[in-house]
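Enquirer: Below is the structure I would like to discuss, written out as structure tokens.
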Amino acid sequence: MIPLLHDFTGTTVLVFGGGRVGARKARRFAREADVIVVSPDFADRDFGSADLVRAAPDPAAVDDWLERTDPALVVAATDDAALNEAVAEATRARGALVNRADRSGERDVGSVVVPATVREDPVVVSISTGGTAPALSKHLRQDLEETLAGAGEMARVCAELRTELKSRDVPPERRREVVTDVVNSPDLWTALRTGTSNYRQVIEDVLGEELATGGDRP
């Protein structure tokens, strides 16, 4: 499977299943998409901002739900294997993405795995074991949370620093050198992680040094 980042803003994610797994999927996608959860019962209290529809669709009713909601992604998370299979088949027939929450390991063509994610906006890192070892994904995610501390601030430093250097007609090769030095600086990482310096201060300091030295390395 090839990892991709997908923007679900303004789209609908349809979740079949109101148990613990369905709730977790709903919470995950409700931060970005319009989520609808269809289930006869809702075992979990927290579904994020998802709309909960109390219904017990059988396999024959799946097409009607897809037609009404026009989802970009459908999650099959019920405890009924036949219903999950019908959801997957109908979703693929419509050309939408499908996530089978009741399967691990080998996946059907066109299926989607929802990975564990570490987010330090705008930096996003995802971990997946193909559904075979969720505990390992969780362990790696916890390790990466510490490693990525400050990465969001560093990304903003790099983006704005490149723009500022370009506006000052600094040659491309020198721009790359400056940004690389910033990324490789342990002191700057520490400053951003501890809050002793913010990304605007870092940019001003680097630009000031660049102007003072005329681009010459010490």
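Enquirer: What do you reckon, is G130 at positive phi, touching a strand residue (DSSP E or B) at 6+ places or on another chain (Cβ under 9 Å) and either touching a residue at least 60 places away in the same chain (Cβ under 8 Å) or part of a loop (DSSP other than H, G, I, E, B) (or both)?
Expert: For G130, the condition - at positive phi, touching a strand residue (DSSP E or B) at 6+ places or on another chain (Cβ under 9 Å) and either touching a residue at least 60 places away in the same chain (Cβ under 8 Å) or part of a loop (DSSP other than H, G, I, E, B) (or both) - is not met.
Enquirer: I'm trying to understand the selection: among the residues of segment 173-194, which are in contact with a helix residue (DSSP H, G or I) (Cβ under 8 Å, 6 or more places away or on another chain), farther than 19 Å from E120 by Cβ and open to solvent by 20 Å² or more (accessible area, probe 1.4 Å)?
Expert: Once the filter is applied, which keeps residues that are in contact with a helix residue (DSSP H, G or I) (Cβ under 8 Å, 6 or more places away or on another chain), farther than 19 Å from E120 by Cβ and open to solvent by 20 Å² or more (accessible area, probe 1.4 Å), segment 173-194 yields R174, R175.
Enquirer: I would also like to ask the following. Within segment 122-129, can one find any residue that is within 25 Å of L192 (Cβ to Cβ), open to solvent by 30 Å² or more (accessible area, probe 1.4 Å) and not aliphatic (A, V, I, L, M)?
Expert: Yes, segment 122-129 has at least one match.
Enquirer: Given (1) outside any helix (DSSP H, G or I); (2) of a type in the set (S, T, N, Q); (3) surrounded by 14 or more Cβ atoms within 10 Å (Cβ to Cβ), where does S137 come up short, assuming only one miss?
Expert: S137 satisfies every listed condition except (1).
Enquirer: What number of residues within segment 195-218 satisfy the criterion of being farther than 17 Å from A155 by Cβ and open to solvent by less than 80 Å² (accessible area, probe 1.4 Å)?
Expert: Number of matching residues: 6.
Enquirer: Are any residues in segment 47-79 of a type in the set (D, E, K, R), in contact (Cβ under 8 Å) with a residue 12 or more places away in the chain and on the phi < 0 side of the Ramachandran plot, and if so, which ones?
Expert: Passing the criteria: D51, R54, D58, D63, D79.
Enquirer: Quick check on segment 95-108. Is at least one of its residues open to solvent by 40 Å² or more (accessible area, probe 1.4 Å), more than 16 Å from Y199 (Cβ to Cβ), of a type in the set (S, T, N, Q) and free of Cβ contacts under 8 Å to residues at least 60 places away in the same chain?
Expert: Yes, segment 95-108 contains at least one residue that is open to solvent by 40 Å² or more (accessible area, probe 1.4 Å), more than 16 Å from Y199 (Cβ to Cβ), of a type in the set (S, T, N, Q) and free of Cβ contacts under 8 Å to residues at least 60 places away in the same chain.
Enquirer: V62 - would you say it is touching a Pro at 6+ places or on another chain (Cβ under 7 Å) and either crowded, with 16+ Cβ neighbours inside 10 Å or more than 19 Å from D79 (Cβ to Cβ) (or both)?
Expert: It is false that V62 is touching a Pro at 6+ places or on another chain (Cβ under 7 Å) and either crowded, with 16+ Cβ neighbours inside 10 Å or more than 19 Å from D79 (Cβ to Cβ) (or both).
Enquirer: Working only within segment 1-55, note down all residues that are crowded, with 16+ Cβ neighbours inside 10 Å and among the polar types (S, T, N, Q).
Expert: T11, T12, S39
Enquirer: Do you know which residues across segment 172-214 are outside any helix (DSSP H, G or I) and at pLDDT below 90?
Expert: Hits for segment 172-214 are G195, T196, S197, N198, G214.
Enquirer: Residues that are modelled with pLDDT of 95 or more: list the strands (runs of 3 or more DSSP E) wholly contained in segment 1-118 that include at least 3 such residues.
Expert: Because the criterion is at least 3 residues that are modelled with pLDDT of 95 or more, the strands (runs of 3 or more DSSP E) in segment 1-118 that meet it are 12-16, 34-39, 51-54, 73-76.
Enquirer: Next up: If a residue must be open to solvent by 70 Å² or more (accessible area, probe 1.4 Å), touching a helix residue (DSSP H, G or I) at 6+ places or on another chain (Cβ under 9 Å) and either acidic (D, E) or part of a helix (DSSP H, G or I) (or both), how many such residues does segment 149-171 contain?
Expert: Here the count works out to 3.
The values are calculated or read from the model by the stated rules, or taken from the named source; none is laboratory data. Computed from a prediction, not measured in an experiment: that's the story for all the values here. Note: ideal-geometry Cβ built from the backbone for every residue, glycine included; neighbour counts use all protein chains shown. Quick note on the areas: whole protein, heavy atoms, side chains included, nothing else; ligands and nucleic acids left out. Shrake-Rupley method; radii C 1.70, N 1.55, O 1.52, S 1.80 Å.
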